[in-house]
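The values are calculated or read from the model by the stated rules, or taken from the named source; none is laboratory data. Small disclaimer: the values here were computed from a predicted structure and weren't measured. Just the protein is used for accessible areas: all its heavy atoms, side chains included, with ligands, DNA and RNA removed. Shrake-Rupley method; radii C 1.70, N 1.55, O 1.52, S 1.80 Å.
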Amino acid sequence: MRSLLFIIIVILLNGCSIVYEKALEKLNPNFFVQQSNLEDEEKELCTDSQYKAYLDKSPCNLNESNTQLLSDGSKITDEQKISFEKYRKAVQAYRDEKVAFEKKYANVLGKREYEIVESYLIPQSNKNYQNLSDGTFTWGEYNQQRIQIKKEFRRRVDLYAPDNYQLRNRQIQKEREDFEVSKKNFIAKKLISQFPYQGDISCTYGSNQLPVMACMQKGNITTNIEVRNGEEYSMAQFTRLDIANSIGSGNGIAIALRPNFQIKMQNASSEMTMNLKIIDRQTNSVVYQKSAGQFDYISASNSSISRSSPPSTINSGAYEAEINCGYQPIFICFMKQGGVYGSFNTTLEIRSGNFYKLYQYQDLMNSGASLQVPLGSSFNINAQNSNNTFLLNIKIRDKTTKKVMFEKSAGQFDFIRIRN
């Protein structure tokens with residue numbers, strides 16, 4: 001059966017969307033009925049008289065933003081603010097209904113577009129609204145920013161179109177390089193005596209780096225990043241990543257850390273990995289590293305670095321871990337399954353001397369039926385089985401004699417924790 005290509009275009013919180021769809025297979029007959037109903041709701045939102053005070057200043061359709069609207073030097077009045085708040089609430093209700101509809105029919109490309117809506121479009125639109133509401137922006141500046149947000153959103157979506165992979169890769173690489181330069185310059189301006197450490201937060205899917213916000217929201221569940229940095233305190237949400245003494249972009253967050261700090265965060269995503277590295281700026285070495293799968297926490301402080309060795313890719317020693325999922329490919333024991341009892345992915349975490357790695361199922365797709373990991377004299381392994389049929393098994397062998405020194409198995413949702 002030919003695949004469905006249905007490209008999601010969701011609405012800006014401060015504007016209405018235009019629906020595009022291209023069906024290449026026979027859809028559920030209700031598809032077009034639901035789509036038509038949503039289009040009618042959208043038209044009503046854009047013409048309802050109770051929102052007139054707002055829409056006169058910033059119409060639904062961005063193409064209607066003429067020179068007068070873009071150069072409007074006035075600021076929002078109380079009447080316009082009330083109208084805008086009503087409009088935003090109505091848009092939110094409409095958006096929830098539309099998102100449920102789009103998720104039902106979206107393919108991989110459509111789902112990627114929805115991720116960009118959540119990680120970029122909504123936060124930027126909220127920020128633009130806040131600047132208008134508190135008087136920072138005039139109506140003209142607000143409308144200009146709406147246009148820029150829309151353009152950047154379309155650019156990010158277009159990078160993931162099937163015929164734009166090379167463009168996408170070049171753009172992502174450039175954005176990473178630009179962020180690394182900005183991060184280096186930002187950190188360099190901080191005195192090492194006052195900020196001896198640097199914290200790097202990232203969100204990854206395999207080898208691909210995504211916006212940190214992508215790890216902080218899953219459906220209706222959102223998580224936070226809490227930072228105590230000396231006397232400074234910050235609580236960042238996925239819609240507002242404001243952290244004192246930090247710089248961030250879609251490629252990560254870097255925080256200049258004081259001698260006394262504490263960082264807490266939780267990963268909400270079932271597919272992506274949230275990561276934290278603490279770097280000693282004097283030696284430019286990684287002194288602490290931790291990753292988290294879905295709903296796992298990362299908690300680090302200045303006292304953590306004394307208990308952790310700098311991670312590296314070198315890992316040799318006297319022992320070896322053999323990990324398998326019965327006779328199945330090993331990733332099967334870490335991937336969520338259908339049904340009531342298969343609700344989340346699990347992880348395999350290995351820390352050994354200078355080596356640290358958190359494996360999710362996608363990291364183990366090419367590992368076959370068994371994973372062999374060399375271990376140093378000091379190691380720590382944490383694993384949880386997600387499978388309700390096959391056992392997760394770990395054996396620790398003496399690398400020289402091949403003698404099994406320890407072994408442990410786990411059924412569904414059971415943990416294996418091994419520390420030497």
field: Long-range HN-HN contacts of F238 with modeled amide H, under 5 Å
entry: T223
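May I ask which of K57/K127; K52/K151; K52/K81; K98/K150 have a Cα-Cα span longer than 22 Å here? Walk me through the numbers on the way to the answer.
Details: K57/K127 18 Å; K52/K151 25 Å; K52/K81 11 Å; K98/K150 19 Å.
As for pairs spanning more than 22 Å Cα to Cα, those are K52/K151.
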query: Quick one: how many Å² of I255 are accessible to a 1.4 Å probe, rounded to 10?
result: 0 Å²
query: Extent of segment 123-274 along each principal axis, from alpha carbon coordinates, in Å, largest to smallest?
result: 47, 42, 34
- request: Enumerate the aspartates and glutamates that K218 could reach by cross-link, defined here as Cα to Cα under 18 Å, with residues fewer than 8 away along the same chain left out.
  value: D96, E97, E102, E113, E115, E118, E271, D296
